[in-house]
Amino acid sequence: MLMTENMRDALAHIKQTIAEAAKKSGRTADDVRIMAVTKTHSYEVVQLALDAGITLFGENKVQEAMSKYPKPAQRGYELCMIGHLQSNKAKKAVDFFDMTTSVDSIRLAQELNKHARNKGIRYPVLLEVNIGDEESKSGFTAFDICGLADELEPLESLEIRGLMSVPPYLDDPEDARPYFIRTREVFERLRQKRFLKDTFSILSMGMSHDYAAAVEEGSTMVRIGTALFGERHTGGF
């Protein structure tokens, strides 16, 4: 009971912070979705989050998600793949996750497209931008991603819904603001592409440490773990 109350209090605080940040960008809290990041947590914690009103979840690893979450037909909420996805696990991702938000290469996009086509569906994805050009992170560079239209447009079984980015970790969230601004600029530029205009609407940036600044700069989806569930025993969002 205590954990449920703590989570509800944390969620209320997160929502209030988002509402205040969204107002600064001329929006409302309803324009921003909260994704609960549940890596390393048990399904009992997921159920507590569901009870608190969360309907969108993110997992970093295919095997952990498949061992923890029910099959898609048994879920009444959305589950997204948010971590690095190897191309040889693309079929599992299409079968198990409602969306993959970490498409970081053309090869992965092509594999997801192939399995979605075989399944007879259009599979939702976000393209990952390595906005800080960090060698330790995967993703398209801001420069390269704007020139990928010719390679992405033929992938008709993918529904490209937007971008995801994770800026370099900085002690002061304000220092991450330029990365959020740059990601939004890339997002706006890509949204002008003819084949993206009907689906391209999600800008996923901001985590527990910096989500307020991200929302102020246009984020429509924040990924929250620690601020909702407390510190993990292992590293995380």
Do we find a residue being modelled with pLDDT of 95 or more, surrounded by fewer than 21 Cβ atoms within 10 Å (Cβ to Cβ), at negative phi and of a type in the set (Phe, Trp, Tyr) anywhere in the stretch 136-144?
-> no
Matching residues in the stretch 43-56 - criterion: being over 11 Å from residue 228 (Cα atoms), in a loop (DSSP other than H, G, I, E, B) and touching a residue at least 24 places away in the same chain (Cβ under 8 Å) = 53
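Only one of these is buried (at least 18 other Cβ atoms within 10 Å of the Cβ), in contact with a strand residue (DSSP E or B) (Cβ under 6 Å, 6 or more places away or on another chain) and modelled with pLDDT under 95: 49, 65, 93, 36. Name it.
49
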Of the listed residues (161, 223, 189, 177), the one being in a helix (DSSP H, G or I) and surrounded by 15 or more Cβ atoms within 10 Å (Cβ to Cβ) is 177
All positions within the stretch 104-123 that are in contact with a strand residue (DSSP E or B) (Cβ under 7 Å, 6 or more places away or on another chain) and without any contact (Cβ under 8 Å) to a residue 40 or more places away in the chain = 104, 122, 123
Can you work out which of the residues in the stretch 1-29 that are of a type in the set (A, V, I, L, M), modelled with pLDDT under 90 and assigned to a helix (DSSP H, G or I) is nearest to residue 210 (Cα to Cα)?
-> 7
Pick from 27, 75, 8: which is of a type in the set (Lys, Arg), closer than 27 Å to residue 181 by Cα and surrounded by fewer than 20 Cβ atoms within 10 Å (Cβ to Cβ)?
-> 27
Taking the stretch 47-89 and keeping only residues that are of a type in the set (A, V, I, L, M, F, W, C) and within 17 Å of the chain's Cα centre (by Cα), one is left with 54, 56, 57, 62, 65, 79, 80, 81, 82, 85
Could you identify the single residue in 101, 40 that is polar (S, T, N, Q) and outside any loop (DSSP other than H, G, I, E, B)?
-> 101
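The values are calculated or read from the model by the stated rules, or taken from the named source; none is laboratory data. Note that the structure is predicted; figures quoted are calculated from it, not measured. Glycine also receives a Cβ, built like all others from the backbone with ideal geometry; neighbour counts cover every protein chain displayed.
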